[in-house]
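The structure under discussion appears below in the form of structure tokens.
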Amino acid sequence: MPMQSRQSRAPVAATPDEELIDRFEAFIAADAFPCVGAKSALNRGQIQYRIESDLRGAPSDSVLVFLQRFSQDYDSDSTLFRSAVVLFRQPGTQTEASFEAALWRYLQRLHDADAVHFGWDPRVSKDPASADFSFSLGGRGYYVVGLHPGASRTARRFARPALVFNLHDQFERLRSEGKYVPIRDTIIQRDTQLEGTRNPMLKQFGSSSEARQYSGRAVDDQWRCPFHAR
């Protein structure tokens, strides 16, 4: 399935995959959804999609090319809030632990294939224990957000598994422009209002390893990321 955005789809009878994209966009657009960055990307038509069969399987060649092209097409002077989203038809509900394991297996396989042609983004660390870590694809760093039906936090609880790839460079731009802290605080406030409790995993960007946040599961200080970069 080719790259898609909300604006690019013709007004014809929706396929099941298009319906899944529509459900995802409705999820983001809901008033209570806390991430204002995702809402901005959606409103500007800056989200691109790829539909895959099963998070538990190996990434297809086409999803790897999709993400690599997204990396290569990015212009650091372009509009902020651009995301690449991989939606999965399966599985249905998983525990948070099983989703986390599947997420990291999938990212490991993506990296192993990507590393044949691209090096790690030199602006970020490849050590998942480092506060400077970001996942890298196509030579660019990413902050990855996992969503799935079994998530304990409402903002991470989508009908099917999903991986949202947010460019690391965008966070750096927000910090350099003095916009990061206000946006972060707004997201935390909105998430707390939605859930009733503050998310203990929402840390300041760059203060601890972001790998701890990818799956959405609350982890303790003993948690170790299973990912190993080449």
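The values are calculated or read from the model by the stated rules, or taken from the named source; none is laboratory data. The structure presented is a predicted model; accordingly, all values stated were derived computationally and were not measured. For neighbour counting, all protein chains shown are included, and Cβ atoms are generated from backbone atoms with ideal geometry for every residue, glycine included.
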Taking the stated definitions as given, is S134 surrounded by 15 or more Cβ atoms within 10 Å (Cβ to Cβ), under 23 Å from D221 (Cα atoms) and free of Cβ contacts under 8 Å to residues at least 12 places away in the same chain?
no
Among residues belonging to the stretch 192-216 that are over 26 Å from W120 (Cα atoms) and either part of a loop (DSSP other than H, G, I, E, B) or out of contact with any helix residue (DSSP H, G or I) (no Cβ under 9 Å at 6 or more places or on another chain) (or both), point out the one that is modelled with the lowest pLDDT.
P200
Identify, please: which residue in the stretch 14-65 is of a type in the set (K, R) and within 15 Å of the chain's Cα centre (by Cα) and is, among those, nearest to D185 (Cα to Cα)?
K39
Can you go through R50, R140, R44 and tell me which one is closer than 27 Å to P16 by Cβ, of a type in the set (K, R) and buried (at least 17 other Cβ atoms within 10 Å of the Cβ)?
R50
Go through (1) touching a residue at least 24 places away in the same chain (Cβ under 8 Å); (2) crowded, with 19+ Cβ neighbours inside 10 Å one by one and return the number of the condition R212 breaks.
(1)
Against the conditions (1) more than 24 Å from R153 (Cβ to Cβ); (2) out of contact with any helix residue (DSSP H, G or I) (no Cβ under 9 Å at 6 or more places or on another chain), where does A102 fall short? Just the number, please.
(1)
Answer yes if at least one residue in the stretch 84-96 is aliphatic (A, V, I, L, M), buried (at least 16 other Cβ atoms within 10 Å of the Cβ), assigned to a helix (DSSP H, G or I) and in contact (Cβ under 8 Å) with a residue 24 or more places away in the chain, and no otherwise.
no
Which numbered condition S152 misses (of (1) of a type in the set (S, T, Y); (2) over 21 Å from F33 (Cα atoms); (3) surrounded by fewer than 21 Cβ atoms within 10 Å (Cβ to Cβ)):
(2)
